[in-house]
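So the structure is just underneath, and the comments pick up after that.
The values are calculated or read from the model by the stated rules, or taken from the named source; none is laboratory data. This structure is a prediction, so every number in the text was calculated from the model and none was measured. Neighbour counts are summed over all protein chains in view; Cβ atoms, including those assigned to glycine, are modelled from backbone coordinates with ideal geometry. Ligands, DNA and RNA are stripped out before the accessible areas are found, and what is left, the full protein with its side chains, is counted by its heavy atoms. Shrake-Rupley method; radii C 1.70, N 1.55, O 1.52, S 1.80 Å.
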Amino acid sequence: MTRPRILVTNDDGIFSEGIERLAAALSEVGEVVTVAPDQERSAAGHSLTLQHPLRARLVGPERWSVDGTPTDCVNWGVLHLLKNDRPKLLFSGINLGLNLGDDVTYSGTVSAAFEGTILGVPSVAVSQEIETGFSFDAAANFARRIARRLLQAPLPAGTLVNVNVPAGPIHGVRVARLGKRRYGEAVIEKQDPRGRPYYWIGSTIPEGDLEDGTDIAAVAEKWISMSPLHLDLTDYRSMEALETVAKTLGV
Ligand code: MN
């Protein structure tokens, strides 16, 4: 029996430790092909490169780097490299840093999994909390387990799984909804050596709402969080309110 093909990508770049650990763990489950950005593209979101061509380079056995975004990598991997034998699963990560709550809209790690989902490949994003002395062990082990499980019993089409793994000892796994993370709202202005201003989008350590049932609370309490996500961003609660607005617009 042939082993299932698993596409692995990330947004930290092809040479990050997290992606190597993820590929190694998943190689016990299937034939891993890695396609990842040639440099770090964290917070690239779901961007796709359309203004210039992409180059792909083989950097190791079944390991490719692409000079584009995580979404580019998934497109090239699924629609070109593996077009005749599409992957059965896509994993993105292990990201160096959590992707909780609102982070998922910026995250290249999660966006790669969104892209996999759009292309019909069951997809999982895995992110690791960074603390002094942290390890990728728990995240890599968990990725292997969930890969085995999803191959046996897939989730409904169009659902991706966002996994966040706390640093240090872990109690277990919780299924959680997305919480709200608040970053310090700041743009920091500095001056370059020629006296011209430059800016950093200031992101301080985020404060999370620790409401029960959120991914933020789960990770804060040292549980692995698993959140099912889908791409339908419609706010169904507001359909009626917007209907009311629409009627007043008189068009
Ligand atoms: Mn990253």
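Would you mind telling me which numbered condition in (1) over 12 Å from the mean Cα position of the chain (by Cα); (2) within 25 Å of D137 (Cα to Cα); (3) more than 16 Å from the ligand (Cβ to nearest atom) E17 fails?
(3)
If the Cβ limit is 7 Å and pairs must be 6+ apart or interchain, which residue in the range 229-251 that is under 26 Å from V161 (Cα atoms) pairs with which residue that is among the small types (G, A, S) and surrounded by 10 or more Cβ atoms within 10 Å (Cβ to Cβ)?
Matching pairs, first to second residue: H230/G158; L231/G158.
Working only within the range 115-139, note down all residues that are of a type outside the set (D, E, K, R), closer than 25 Å to A220 by Cβ and open to solvent by 20 Å² or more (accessible area, probe 1.4 Å). Step through it out loud before you land on a result.
Looking only at the range 115-139, we keep the residues that are of a type outside the set (D, E, K, R), and these are 116-128, 130, 132-136, 138-139.
Checking which are closer than 25 Å to A220 by Cβ leaves us with 124-128, 130, 132-136, 138-139.
Correct list: I130, T132, G133, F134, S135, A138.
With respect to H171, determine if the residue is outside any helix (DSSP H, G or I) and surrounded by fewer than 18 Cβ atoms within 10 Å (Cβ to Cβ). Don't jump to the end; show me each part of the working.
Numbers: outside any helix (DSSP H, G or I): yes; surrounded by fewer than 18 Cβ atoms within 10 Å (Cβ to Cβ): yes.
Against the criterion (outside any helix (DSSP H, G or I) and surrounded by fewer than 18 Cβ atoms within 10 Å (Cβ to Cβ)), H171 qualifies.
Looking at the structure I just gave you, is K190 at negative phi and either surrounded by 12 or more Cβ atoms within 10 Å (Cβ to Cβ) or under 21 Å from the mean Cα position of the chain (by Cα) (or both)?
Numbers: at negative phi: yes; either surrounded by 12 or more Cβ atoms within 10 Å (Cβ to Cβ) or under 21 Å from the mean Cα position of the chain (by Cα) (or both): no.
It is false that K190 is at negative phi and either surrounded by 12 or more Cβ atoms within 10 Å (Cβ to Cβ) or under 21 Å from the mean Cα position of the chain (by Cα) (or both).
Go through the range 48-74 and count every residue that is open to solvent by less than 10 Å² (accessible area, probe 1.4 Å), without any contact (Cβ under 8 Å) to a residue 60 or more places away in the chain and not aliphatic (A, V, I, L, M).
First, the residues of the range 48-74 that are open to solvent by less than 10 Å² (accessible area, probe 1.4 Å): 65-66, 68-74.
Those left that are additionally without any contact (Cβ under 8 Å) to a residue 60 or more places away in the chain: 65-66, 68-69, 71-72.
The next check asks that each one be not aliphatic (A, V, I, L, M); those that pass are 65, 68-69, 71-72.
Residues that pass the stated criteria total 5.
If the requirement is being more than 23 Å from A138 (Cα to Cα), at pLDDT 95 or above and within 16 Å of the ligand (Cβ to nearest atom), which of these qualifies: P37, P53? Even if it seems obvious, please write down each step before you answer.
On the way: P53 fails: within 16 Å of the ligand (Cβ to nearest atom).
When all the criteria are applied, what remains is P37.
Restricting to the range 88-99, give me the number of residues that are within 13 Å of the ligand (Cβ to nearest atom), under 10 Å from the mean Cα position of the chain (by Cα) and on the phi < 0 side of the Ramachandran plot. I'd like the intermediate steps shown before the answer.
Narrowing the range 88-99 to residues within 13 Å of the ligand (Cβ to nearest atom): 92-99.
Next, only the ones that are under 10 Å from the mean Cα position of the chain (by Cα) stay: 92-95, 98-99.
Checking which are on the phi < 0 side of the Ramachandran plot leaves us with 92, 94-95, 98-99.
Qualifying residue count for the region: 5.
Out of curiosity, is G108 of a type in the set (G, A, S), within 15 Å of the chain's Cα centre (by Cα) and at pLDDT below 95?
Working: of a type in the set (G, A, S): yes; within 15 Å of the chain's Cα centre (by Cα): yes; at pLDDT below 95: no.
When the stated conditions are applied, G108 does not pass them.
Test each condition in (1) in contact with a helix residue (DSSP H, G or I) (Cβ under 8 Å, 6 or more places away or on another chain); (2) under 18 Å from L7 (Cβ atoms); (3) more than 16 Å from the ligand (Cβ to nearest atom) for P166 and report the one that comes out false.
(2)
Starting from residues that are assigned to a strand (DSSP E or B) and of a type in the set (A, V, I, L, M, F, W, C), keep the ones in the range 151-168 and report whichever is farthest from the chain's Cα centre (by Cα).
V165
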